[in-house]
1. Does any residue in the stretch 319-330 that is farther than 12 Å from residue 65 by Cα come within less than 6 Å, Cβ to Cβ, of a residue that is buried (at least 18 other Cβ atoms within 10 Å of the Cβ) and modelled with pLDDT of 85 or more six or more places away or on a different chain, and which pairs are these?
2. On the given criteria, is residue 40 at pLDDT 80 or above and over 28 Å from residue 421 (Cα atoms)?
3. When the stretch 138-175 is examined, which residues are found to be closer than 29 Å to residue 464 by Cβ, at pLDDT 85 or above and among the small types (Gly, Ala, Ser)?
4. In a helix (DSSP H, G or I) and at pLDDT 90 or above - does that describe any residue in the stretch 393-402?
5. From 362, 349, which residue is free of Cβ contacts under 8 Å to residues at least 60 places away in the same chain, in a helix (DSSP H, G or I) and closer than 30 Å to residue 121 by Cβ?
6. Is it the case that the stretch 210-233 has a residue that's closer than 24 Å to residue 384 by Cα and surrounded by 18 or more Cβ atoms within 10 Å (Cβ to Cβ)?
7. Any chance the stretch 166-179 includes a residue that's closer than 14 Å to residue 338 by Cβ and not β-branched (Val, Ile, Thr)?
8. Of all residues in the stretch 264-282 being buried (at least 22 other Cβ atoms within 10 Å of the Cβ) and under 17 Å from the mean Cα position of the chain (by Cα), which is farthest from residue 46 (Cα to Cα)?
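The values are calculated or read from the model by the stated rules, or taken from the named source; none is laboratory data. Keep in mind it's a predicted model, so treat the numbers as computed, not measured. Counting neighbours? That spans all protein chains shown, and the Cβs are built from the backbone with ideal geometry, glycine included.
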Amino acid sequence: MIDTHATAPPREPLARQLARRKPIEQMVAGAGTDGTANSGKLKRSLGVWQLTMISVGATLGTGIFVVLGSSVPMAGPAVWISFLIAGVAALLSAVSYAEMAGAVPVSGSSYSYTYATMGEGLAWVCGWCLVLEYGVSVAAVAVGSAEYVNETLNIFGLSLPAALSAPPGGADGSMINLPAVVLVLLAMVLLIRGVSEAAWVNTIMVVIKIGVLLLFIGIAFSAFQASHYETLLPMGAAGMSAAASRLFFSYIGFDAASTAGEEAKNPQRDLPRAIIASMAIVTGIYILVAIAAVGARQWDWFDGTEAALLIILQELTGAKWISLIFAIGAVVAIASVVLTVLYGQTRILMTMARDGMVPRVLGRVSQRTGTPAAGTLICGSVIAVIAGLIPLGQLADATSIGTLFAFMLVNLSVIYLRRARPDMERTFRVPLFPYVPLLGAGMCVYLMVNLGLSTWWVFLAWMAVGALVYLGYGRRHSVASLAARRETVDSDDARPAN
């Protein structure tokens, strides 16, 4: 056992510590322990079905309910091709995640993969990006719940008071986004109780939101007109490509299953299957929704149309119950994303805590529930406050850079590990190596470069804060670095004196 409270040996040079890699065998053998008394093991209770639903739940969110209104005017009837292009771009990174999840079957997702291949410095940057991505994503998605809760209540002639529908600062006297707070706290309680229960609740929610979208597809296809596709590219190939870049972010979330490495029954077999299966499900649904929507309405009808799917159903059926079903479906979609992304956030922080990168309390596993209860309570409470009281504004856009940076590192990790350990057992191998991971990394860089300047400033500010946190805490408490330094001291003590 590593006694991190004992007098530590001299600190190693910063450059050497930043480059220090954590052996994969040590990661796998030590899953559930950080060498200190506060460690514990998570319960292996998730099969391939639950893992797939976690990724689908985190990916298939509210975006598809509103994304067509802004994407169809850019691409025209070819918007379904834009979805396909974006899906292929996301798949380039997804297959890299699948290979790394099978080769490094531990919690921590891209943070752990980067630690094993590129060293502590880039692993910290990746983990810090994920803290931003997951935390702000949960808050940003939860904030949208007030609108859909109001839509549901409006059907019964009710509505939430303005003071309880948005963070402070609005002209309507808003004070708190109460639905967002309640949603995050409910997800937090469910995750504390146990991952198995949370996974089944998420599965039910995913089935509901897929059912709502299939309902739309069925009704929209009943009014399908092939003439709407006579001019496939009215805005040219450039418009189709621009729409694909925007739609790429509708696929973010497929990596959620990779945070469940320690809770999967058979992680080396099931994690790659879950990641690829979730991408196939989400891409298929997106394309079918796009084809059905444009088949039911001319592409220029979507320009400036909000909640296009809901309006199409109302116009085609004339039934008010459609509004109720879609409003409830949107709330369920939000709840599913909040639950699965909060789950991923807590597991990444747990892994970082075990490595000494963040306070150890975030890595403690409850003996009663088999979950990182303390970390989930802290993380959920902070996010609930952010969602309820702080207008996120463009901070949410910075999650895009953090996500793309993490994707890029995973693609590069595959290349490194293939070169460094070609004989290592892999349950899934990226096809067409090294072209696929190189294309995946290149696509991430391209999308990052095309993000707005204000988003970059927010991201750089977050990285500056992260550097201070690492230098002030992570560098001093790094378990891997401390173990290496102790081994050096022990070997020096054992060396015969001249």
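1. 322/313
2. no
3. 139, 142, listed by residue number.
4. So far as the stretch 393-402 goes, no, none of its residues is in a helix (DSSP H, G or I) and at pLDDT 90 or above.
5. 362
6. No, because not a single residue in the stretch 210-233 is closer than 24 Å to residue 384 by Cα and surrounded by 18 or more Cβ atoms within 10 Å (Cβ to Cβ).
7. Within the stretch 166-179, one or more residues are closer than 14 Å to residue 338 by Cβ and not β-branched (Val, Ile, Thr).
8. 282
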